[in-house]
Amino acid sequence: MATKDALDPHQIWQMTLNWLSLHWLQIVIALGAGILIYIALAALRQFGKRLRGKPGDSLGLAVVAGRTFARTTHFFMVMVAARLVAGYAHPPAALLKTIIFLFTIAAVFQVAIWLREIILGLIERRTVEDGHGETLANAMSLIRVLVTVALFAIAIVVLLDNLGVNVTGLVAGLGIGGIAIGLAAQGIFSDLFAALSIIFDKPFRRGEMITYDQTTARVERIGLKSTRLRAASGEKKVISNAQLLQKEITSLQTLTQRRVTYAIGIIYQTPEDKADAIPDMLKQIVEAEGLIFVNAGIVQFGASSLDYQLNFDVPDPDHHDYFIMRHRIGIAIWKRFNAEGIEFAYPTQTSFTAAPDGKTIMPYPEHPVAEHG
């Protein structure tokens, strides 16, 4: 049995004819205005296509804005025009309600599309210009999926809520599903977000020399799950992004100079004047190689040596040059000390013989008995 408010097709048709006959002038004006609004939105969309440029162009804010406007759908433009002029034409309540319903759908999903383009564009702009193009290209497909799913899930919830649907259960279900997926793929997402953290926070970049734990290596590639490095000794190192970020990382790339510390031990029998002149000798050796002398001097009295410490800086932070200069300074010190008659110490022990009463005695007779023929 039909409800009291239900209208049969004949009644709907009759109402439509009455509306057209009574408001034909307003309908024509509204239709013209709607066409003009659509043309204006289409021109804005076309302008966005020109702004977005060509593949390979510099990714500025104008390009991001162009990409966003270029993604405006025809359905949205039609519904915007219809919604803006619908009130002027005095349409039947059913038609106006339908226009509002379709406009709500178009607006919600169009905003989701725009936000998607803005977020992805800003991510690319932030990373490609900083030299992470390869890493971003590998991660972009997954980032695009995550951003799209998140935005359109929110759009669906907002749309249903505007249509009067109770979305409490849906939101709770999405939350539980998200938690389950997150726990199942915890390791993958941990490394992925660590990769994104490396891209955005930039603790290091590809090509930089870094040190972590006891390893010094050059970064060769930053992937979605792991970072590949080439150790100074030649080995290839692979470490997960999450594990790498948990370590204390020292970047050697921004160094203007590198500090070298030498420990030098000489024998206690070294003459006092030569022992006193050693810091000046070391300064001359360092400056003769074009390096930066910092300081030198005695640091302790060792068990079998008089211990000095030399500190100097190598202006070129490159690991190879650093190693070579350390070698050259070492050879120069060795040659200079040999020329000056300064002996390097090595572990020695002196034994003393004592009598039962504790007095030191010579291990041999003080006055050897002369041999008789």
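The values are calculated or read from the model by the stated rules, or taken from the named source; none is laboratory data. Keep in mind the model is a prediction, meaning the values are calculated, not measured. Quick reminder, even Gly has a Cβ in these numbers, built from the backbone with ideal geometry, and neighbours come from all protein chains shown.
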* To do: Would you be able to say whether some residue in the range 314-329 is surrounded by 15 or more Cβ atoms within 10 Å (Cβ to Cβ) and modelled with pLDDT of 90 or more?
  => yes
* To do: Determine whether the range 82-94 contains at least one residue that is in the same structural domain as Ala153 (by TED's automatic domain parsing), basic (Lys, Arg), crowded, with 19+ Cβ neighbours inside 10 Å and part of a helix (DSSP H, G or I).
  => yes
* Asked: Quick one: how many residues across the range 330-349 are at pLDDT 85 or above and in a loop (DSSP other than H, G, I, E, B)?
  -> 4
* Would you tally the residues in the range 211-228 being within 16 Å of Ala194 (Cα to Cα) and touching a helix residue (DSSP H, G or I) at 6+ places or on another chain (Cβ under 9 Å)? => 7
* Asked: Within the range 280-306, how many residues are buried (at least 16 other Cβ atoms within 10 Å of the Cβ), touching a residue at least 40 places away in the same chain (Cβ under 8 Å) and either touching a Cys at 6+ places or on another chain (Cβ under 7 Å) or not in a helix (DSSP H, G or I) (or both)?
  -> 2
* Restricting attention to the range 117-131, does a residue exist that is in the same structural domain as Ala62 (by TED's automatic domain parsing), closer than 30 Å to Ile35 by Cβ and modelled with pLDDT of 85 or more? -> yes
* Scanning the range 220-240 for residues that are among the hydrophobic types (A, V, I, L, M, F, W, C) and surrounded by 14 or more Cβ atoms within 10 Å (Cβ to Cβ), which turns out nearest to Gln309 (Cα to Cα)? -> Ala232
* touching a Gly at 6+ places or on another chain (Cβ under 9 Å) and surrounded by fewer than 17 Cβ atoms within 10 Å (Cβ to Cβ) - does that describe any residue in the range 241-255? -> yes
* Would it be correct to say that Ala217 is surrounded by 18 or more Cβ atoms within 10 Å (Cβ to Cβ), of a type in the set (Gly, Ala, Ser) and assigned to a strand (DSSP E or B)? -> yes
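Here are some residues: Val63, Val78, Val28. Which one is modelled with pLDDT of 65 or more, in the same structural domain as Ile119 (by TED's automatic domain parsing), closer than 24 Å to Phe103 by Cα and buried (at least 17 other Cβ atoms within 10 Å of the Cβ)?
Val78
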